[in-house]
Number of protein chains: 2
Amino acid sequence: MINKPIKPVVVDTSRSAYARLKPAPVTAVTLTDGFWAARYKLNRETMLLAQYAQLEETGRINNFRRAAGKLDAPFAGLVFNDSDVYKWLEAAAWVLAATPGGALQQKVDALIADIAAAQCPDGYLNTYYALERAGERWSNLRDQHELYCAGHLFQAAVAHYRATGATSLLTVAQRLADLLCATFGPGADHRQGTSGHPEVEMALMELYRATGEARYLKQAEYFLNARGQGLIGGRDYHQDHVPFRQMPRLAGHAVRALYLCSGATDLYAETGEPALGEALARLWGHMTARQMYLTGGLGPRHEGEAFGDDYELPNARAYAETCAGIANVMWAWRMLQLNGDALYADVMEQALYNAVLPGLSLDGMGYFYVNPLQSDGTYHRAPWFVCACCPPNVARTLASLPGYIYSLTEDTVWVHLYAPNDAMLTLPGGREVRLVQRTRYPWDGNVTIDVLSVGEFSLRVRIPAWCQADAAVLLNGEPLSIAAPAGTYVEVRRSWQVGDSLCLRLPMRVRQIEAHPYALENSGRVALMRGPLLYCLEGVDNPDVDLRDVTLPLEEFAIEETFMPTLLGGVSVLRFGAEGVPPDAGWSGRLYRPVQQRPVVRRPLMALAVPYYAWANRAPGPMQVWLRRG
Amino acid sequence: MINKPIKPVVVDTSRSAYARLKPAPVTAVTLTDGFWAARYKLNRETMLLAQYAQLEETGRINNFRRAAGKLDAPFAGLVFNDSDVYKWLEAAAWVLAATPGGALQQKVDALIADIAAAQCPDGYLNTYYALERAGERWSNLRDQHELYCAGHLFQAAVAHYRATGATSLLTVAQRLADLLCATFGPGADHRQGTSGHPEVEMALMELYRATGEARYLKQAEYFLNARGQGLIGGRDYHQDHVPFRQMPRLAGHAVRALYLCSGATDLYAETGEPALGEALARLWGHMTARQMYLTGGLGPRHEGEAFGDDYELPNARAYAETCAGIANVMWAWRMLQLNGDALYADVMEQALYNAVLPGLSLDGMGYFYVNPLQSDGTYHRAPWFVCACCPPNVARTLASLPGYIYSLTEDTVWVHLYAPNDAMLTLPGGREVRLVQRTRYPWDGNVTIDVLSVGEFSLRVRIPAWCQADAAVLLNGEPLSIAAPAGTYVEVRRSWQVGDSLCLRLPMRVRQIEAHPYALENSGRVALMRGPLLYCLEGVDNPDVDLRDVTLPLEEFAIEETFMPTLLGGVSVLRFGAEGVPPDAGWSGRLYRPVQQRPVVRRPLMALAVPYYAWANRAPGPMQVWLRRG
């Protein structure tokens, strides 16, 4: 009845093992309540409408009307502004699938009509290169984001098709994709080139999956293989410094690098090419062991929005673009589908809560582009950006979140994320399985999965790596004598009856996390985590101390956890005794001095920490994640 | 006979106190031997000739010939390439003053002729805006460096005039300066504007001092006052975000900010305007207490070559441009002249040895633009740069170094720096004083100053702030019963006889320096200094350990100092027992983990440290300044 849990494994690059898991469709799962449902609703009711208004006000949608000849106005904004519209459309499509009709439906339909009208007879579509710049098509693939914008069109079209079954946008996408196939390729009768900003690779893979047209897969493979040959300048900023399969580590622009990895993983999932799988495993391993913030954020450098050196992880000066956090989720999700290794799900969850969500204000009206782990209080969210990649990226992530919860293999449902939902899943073998999740996660580690179907199949439930104590699994209230180690999926196989209930008990204790000693800024410091959530101190909760002076005891100390339903939309806060240890008097006016022991003031204080994702939603003030110890 | 030493004071902004000290002329002092004489000679015999060849090869000098109509070729290089030529000329002029004639003289004379020939009839001179771009003059003061290049011409001209007495270049400079005065100003009949890259301010002040023409002072004041009014875009990158006198701290591009401060100090030295003095004191205090590397380097950010937030001082990722170190010396020197406060001399010396000198390879053929305090071994010096501001800046600093050693007040010689030299000084009161310094400084803290003149006057000798034990002053071999606290000038006043000898004993012990606790990367770390020199570990000397793992004892430990005459041109090295403490086994493949005590390997080792200025002159390898402790 019960199998032993699978063990964590490295990426298995043997051909037989690739892409074991199939994602459950976004449309098969409905978020019903709790943490993520609230954000899903915020997206539907607030964010998408506010973003649409921005797209209109900033001329992004008018650019399509202009290209369609409906409007006489100059092109507005940045060269890649089409992509913001497509990302919004992708988000809106997923939301419409769950709740069709209404104002959003009208906007989407009208927008698709505008987009279709802007398409050239030969299938070309990019509003910047419309009309007077038509002769400059493909003239600068490195900088001008044509293929990037095309990719976002493809993703929006696939989402719209999957969400609604309509092919109106898919047809537009395929016409452009077919033009790409006809234009670019390895042969002498094709142009050579690839995109300075990866994105089209995964988009073509999704188009391949949606249509079954193998030429799109081949085209994605061509664009991937064209890198590292100097076609677009040879810089690591564009991931063109070395062929992808030979990259030792991620470098250059973080979002670009991670989008490329996502596309490469999609390709590997279909081809199982060993060299590609080895590269992905190498890059992933290096990234998580040397380059990732504790938030799951990536790309520490402001200069070039880029990956830095190993262990280069500044806190106040972190870049960690919200889009890079999203891209981390996207890549982790794709790696997870390869073999069901829980380590990918752990990073996906870590980034979702701590690298993506902080990019969004609690009211849905403000966004971070940059996500520091320490602030002096002068950094705030903004409603929109000239380069507005992040807001619609957050929107499409939230809109597609139902699709991140489950995967399927022959007769198994994999449960990756915990959030109240109602799922009607069809296993590859044909069996229909309805599951209902109930949980207060991430505030509580108790999760109940009600089975509303009959028959023999497996549930594989994830025991997060953050579980420090043994997790427990209960069936209909009875503990199963089953090992449930952290960082694995536990399989429960049986002949299920309607009304069966599987419960997880994931002990959620506050963890003090330390960083590798080569990450210099965090030497002698700890960060607090509870469950999947990273915590931080904010000045507004700790007004009587400079946060840089807060010092935690070396020995064990009590941390009181309290759920406060009215604070920050409802959060568990952490309260604990600490000390305020300001720099001693000998530092007055000095930055350096000979080592000396001077009396320091150690003032006891009660500190209050809130989830990092919720920072900067109240009175402006300092924030700090990593706290001194000792 | 002996006065008590003056006390450190803050900048006295009362009108009576400004510019007490007069610099001794560069030409009055001859470096005779030792540390700096060797570098002066390297500059004369190697650097200046190699740099001239670069100026020729890269078309920088041809740009003048082109503007003069002697050459038909496109403008070569960057818009500010004239400035590299001027800086080289400034350096060469000072060297010629000491050793006229020869190939260098011919090059200088020919170059001045080319420059003069390139000047327009109305005095305008900038080779980028010559010929076909003549109509675009002054069209973009923010980005195009016209006033910056003009400033470097003025400085070169003043140097040439002071060094040789010839007015050939000074005349060219004055014609351009007069055009600036006629063109820019506060009135309605003048253009409004100021330079995106400060430099012209201090250059105009030097031109004022060299010629006595008050309009140049007024013009410098106008350009300073024109900042912060949005004339050049209002960004802190250009120091245009706020009027200078209201700046709370230095921000934006570091070299620009420091050049501006240097010019403002020159202005204050002449006007004594209280608000200006207050701003300078405020900016200096903030900079040294919050923004300066232990090297004396400034500007931590690669992005914008800029100042960062307070305490933002990354090591491996330091920018700390060599030119910013030079600018620190320039500003400190000017502040020092205001009131003789030794704190400025301390920073000047610190930056000279540890922020300027590392920019130069020991063979005089390689330069750093960026000066990290930690390296993985992949960073090396280059013979030249497309943007070649640093090499000729190092050259002019070395060439003018004799002028940094002494200042003069009515009947007092101030001795700021210690280096063997022969000085023939004329006090403002008219008395001639010949001094001869003998010392092995910076390897040894014993300094002998032989007096070769007769009469009553004072010597004020600097007791560096780095003296942790009491310094001693001896007259003709007999200790004086005189307090000589660190960080002051000690005055010895007497009726001197030829053959009198004043000796300083500056105890030079190795110091373990710690950084302010808010400088996160240096938490729990120390750096080693001895005398004015900062030390570092290099992989080549410590091959059996990852430098990041070197850990110093918490308790006192012995450090053996040895002068090695054949190593790195002759350096004192430091040897000491330490431990190699690699990350424990639990870190394998991990970047974060719950706090835990795991057994670590503590392997005893003998570490060898070399002066930081001498790093990267042998086999490529890692380097580290700040070392773990405990």
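The values are calculated or read from the model by the stated rules, or taken from the named source; none is laboratory data. Computed from a prediction, not measured in an experiment: that's the story for all the values here. Cβ sites come from the backbone with ideal geometry, for glycine too, and all protein chains shown count toward neighbours. We work out accessible area using only protein heavy atoms, side chains counted, and drop any ligands, DNA or RNA first. Shrake-Rupley method; radii C 1.70, N 1.55, O 1.52, S 1.80 Å.
Collect the residues in region B:66-105 that are of a type in the set (Val, Ile, Thr), closer than 23 Å to B:Tyr128 by Cα and open to solvent by 20 Å² or more (accessible area, probe 1.4 Å), keeping them in residue-number order.
First, pick out the residues of region B:66-105 that are of a type in the set (Val, Ile, Thr): B:79, B:85, B:95, B:99.
With closer than 23 Å to B:Tyr128 by Cα added as a condition, the list becomes B:79, B:85.
Answer for region B:66-105, where residues must be of a type in the set (Val, Ile, Thr), closer than 23 Å to B:Tyr128 by Cα and open to solvent by 20 Å² or more (accessible area, probe 1.4 Å): just B:Val79.
From A:Glu90, A:Glu45, grab the single residue that is among the acidic types (Asp, Glu) and within 18 Å of A:Ala173 (Cβ to Cβ). Before the answer, list the steps.
On the way: A:Glu45 fails: within 18 Å of A:Ala173 (Cβ to Cβ).
Step by step, each of A:Glu90, A:Glu45 is checked, and only A:Glu90 is among the acidic types (Asp, Glu) and within 18 Å of A:Ala173 (Cβ to Cβ).
Just to be sure before I move on: is B:Val545 aliphatic (A, V, I, L, M), under 30 Å from the mean Cα position of the chain (by Cα) and open to solvent by less than 60 Å² (accessible area, probe 1.4 Å) in the structure I sent?
Numbers: aliphatic (A, V, I, L, M): yes; under 30 Å from the mean Cα position of the chain (by Cα): no; open to solvent by less than 60 Å² (accessible area, probe 1.4 Å): yes.
No; evaluated as a whole, the condition is false for this residue.
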(message) Of everything in region A:323-355, what is open to solvent by 10 Å² or more (accessible area, probe 1.4 Å) and under 21 Å from A:Tyr535 (Cα atoms)? Give them in sequence order.
(response) A:Asp346, A:Val347, A:Gln350
(request) Could you please let me know if B:Trp414 is touching a residue at least 40 places away in the same chain (Cβ under 8 Å) and open to solvent by 10 Å² or more (accessible area, probe 1.4 Å)? (result) no
(request) Identify the residue in region A:467-489 that is at pLDDT below 95 and surrounded by fewer than 16 Cβ atoms within 10 Å (Cβ to Cβ) and, among all such residues, is farthest from the chain's Cα centre (by Cα). (result) A:Ser481
(request) Would you mind finding the one in A:Leu179, A:Leu207 that is touching a helix residue (DSSP H, G or I) at 6+ places or on another chain (Cβ under 8 Å), in contact (Cβ under 8 Å) with a residue 12 or more places away in the chain, assigned by TED's automatic domain parsing to the domain that holds A:Leu111 and open to solvent by less than 50 Å² (accessible area, probe 1.4 Å)? (result) A:Leu207
(request) Filter region B:299-338 down to residues that are assigned to a helix (DSSP H, G or I), in contact with an Asp or Glu (Cβ under 9 Å, 6 or more places away or on another chain), within 14 Å of chain A (Cβ to nearest Cβ) and not small (Gly, Ala, Ser), then give me how many there are. (result) 2
(message) Condition check: free of Cβ contacts under 8 Å to residues at least 24 places away in the same chain, in contact with a His (Cβ under 7 Å, 6 or more places away or on another chain) and under 19 Å from A:Gly185 (Cα atoms). Does A:Gly234 satisfy that?
(response) yes
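Among the candidates A:Pro464, A:Pro532, single out the residue that is open to solvent by less than 10 Å² (accessible area, probe 1.4 Å), within 22 Å of the chain's Cα centre (by Cα) and within 20 Å of A:Met623 (Cα to Cα). I'd like the intermediate steps shown before the answer.
Values: A:Pro464 fails: within 20 Å of A:Met623 (Cα to Cα).
Answer to the selection: A:Pro532.
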(request) Could you tell me which residue of region A:621-630 is farthest from B:Tyr592 (Cα to Cα), considering only residues that are assigned to a loop (DSSP other than H, G, I, E, B) and at pLDDT 95 or above? (result) A:Gly621
(message) Among the residues that make up region A:402-421, is at least one of them closer than 28 Å to A:Leu574 by Cα and aromatic (Phe, Trp, Tyr)?
(response) yes
(request) Can you tell me which residue within region B:563-600, out of those that are more than 13 Å from chain A (Cβ to nearest Cβ) and in contact with a helix residue (DSSP H, G or I) (Cβ under 9 Å, 6 or more places away or on another chain), is nearest to A:Ala465 (Cα to Cα)? (result) B:Pro599
(request) Filter region B:287-298 down to residues that are facing chain A (nearest Cβ under 9 Å) and farther than 14 Å from B:Leu258 by Cβ and give me whichever is most open to solvent (accessible area, probe 1.4 Å). (result) B:Arg290
(request) Mind listing whichever residues of region B:220-233 are open to solvent by 40 Å² or more (accessible area, probe 1.4 Å) and assigned to a loop (DSSP other than H, G, I, E, B)? (result) B:Gln229, B:Gly230, B:Leu231, B:Gly233
(message) I need every pair where a residue in region A:418-434 that is among the basic types (Lys, Arg) has its Cβ under 9 Å from the Cβ of a residue that is assigned to a loop (DSSP other than H, G, I, E, B), sequence separation at least 6 or different chains.
(response) A:Arg431/A:Asp411; A:Arg431/A:Ser453; A:Arg434/A:Leu452; A:Arg434/A:Ser453; A:Arg434/A:Val498
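Do we have B:Thr194 as assigned by TED's automatic domain parsing to the domain that holds B:Ser83, surrounded by fewer than 24 Cβ atoms within 10 Å (Cβ to Cβ) and among the hydroxyl-bearing types (Ser, Thr, Tyr) here? Walk me through it before giving the result.
Values: assigned by TED's automatic domain parsing to the domain that holds B:Ser83: yes; surrounded by fewer than 24 Cβ atoms within 10 Å (Cβ to Cβ): no; among the hydroxyl-bearing types (Ser, Thr, Tyr): yes.
So B:Thr194 fails the test.
Counting only residues that are part of a helix (DSSP H, G or I), open to solvent by 10 Å² or more (accessible area, probe 1.4 Å) and of a type outside the set (Lys, Arg), how many does region B:234-283 have?
First, pick out the residues of region B:234-283 that are part of a helix (DSSP H, G or I): B:236-238, B:244-246, B:254-271, B:274-283.
Filter once more, so that each one left must be open to solvent by 10 Å² or more (accessible area, probe 1.4 Å): B:236-237, B:245-246, B:256, B:269-271, B:274-275, B:278, B:281-282.
Now narrow it down to the ones that are of a type outside the set (Lys, Arg): B:236-237, B:246, B:269-271, B:274-275, B:278, B:281.
Of the residues in that region, 10 qualify.
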(request) Give region B:511-555 a look and list any residue that's within 30 Å of A:Val581 (Cβ to Cβ), facing chain A (nearest Cβ under 10 Å), out of contact with any helix residue (DSSP H, G or I) (no Cβ under 7 Å at 6 or more places or on another chain) and not in a strand (DSSP E or B), or say none. (result) B:Pro517, B:Ala519, B:Asn522, B:Ser523, B:Gly524, B:Arg548, B:Asp549, B:Leu554
(request) Filter the helices (runs of 4 or more DSSP H) completely within region A:14-87 down to those with at least 2 residues that are within 23 Å of the chain's Cα centre (by Cα). (result) A:34-42, A:48-57
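State which residue is farthest from B:Gly487 (Cα to Cα) when the search covers only region A:578-612 and only residues that are in a strand (DSSP E or B), open to solvent by 30 Å² or more (accessible area, probe 1.4 Å) and not acidic (Asp, Glu).
In this case the residue turns out to be A:Met606.
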(request) Among the residues of region B:438-461, write down those that are open to solvent by less than 20 Å² (accessible area, probe 1.4 Å), among the hydroxyl-bearing types (Ser, Thr, Tyr) and in contact with a Leu (Cβ under 9 Å, 6 or more places away or on another chain). (result) B:Tyr441, B:Ser453
